[in-house]
Amino acid sequence: MHRNWNHQNPYQQQRNPYQQQPNPYQEQPNPYQEQPNPYHQQPEWQQDQGWNNPMNYDNGQHFHRQITIEEAMNIALEQVPGQVVKVEMDTEKGVRVYEVDIVTAQGVKYEVAVNMNTGEIVEIELD
């Protein structure tokens, strides 16, 4: 019996010449790589607490000093005339301020909080 080797097998699927063939050099996903468990939750101490997010610290406000201590003293003296006793930096209601302590001619002591960035009066309180 003579075998025709050019005869195509009727059960063999014909190859489509227009179909894109897989690239043998393309990196294939590793089926043995460990996949993360979607049901596993990290312990609370390992979860992201937002400590590395700068938005949690300054809420968009930039604490670059815009006015000097002398300017803060002059702004406070415009509101409460008297003698400046002490000036210190502090935070009032989430805003960095200069706290200027002033004693009036009558001997009354006031504490004036001046915003470091804008020079606005944040509050005036009787000490």
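Taken together, Asn16, Asn23, Asn9, Asn37 contain a single residue that is modelled with pLDDT of 70 or more, among the polar types (S, T, N, Q), more than 13 Å from Asn115 (Cα to Cα) and over 35 Å from the mean Cα position of the chain (by Cα), which is Asn23. Of all the residues in segment 83-117, those that are touching a Gly at 6+ places or on another chain (Cβ under 7 Å) and among the hydroxyl-bearing types (Ser, Thr, Tyr) number 1.
The values are calculated or read from the model by the stated rules, or taken from the named source; none is laboratory data. Computed from a prediction, not measured in an experiment: that's the story for all the values here. Because the Cβ atoms are built from the backbone with ideal geometry, glycine has one as well, and the counts that use them run over all protein chains shown.
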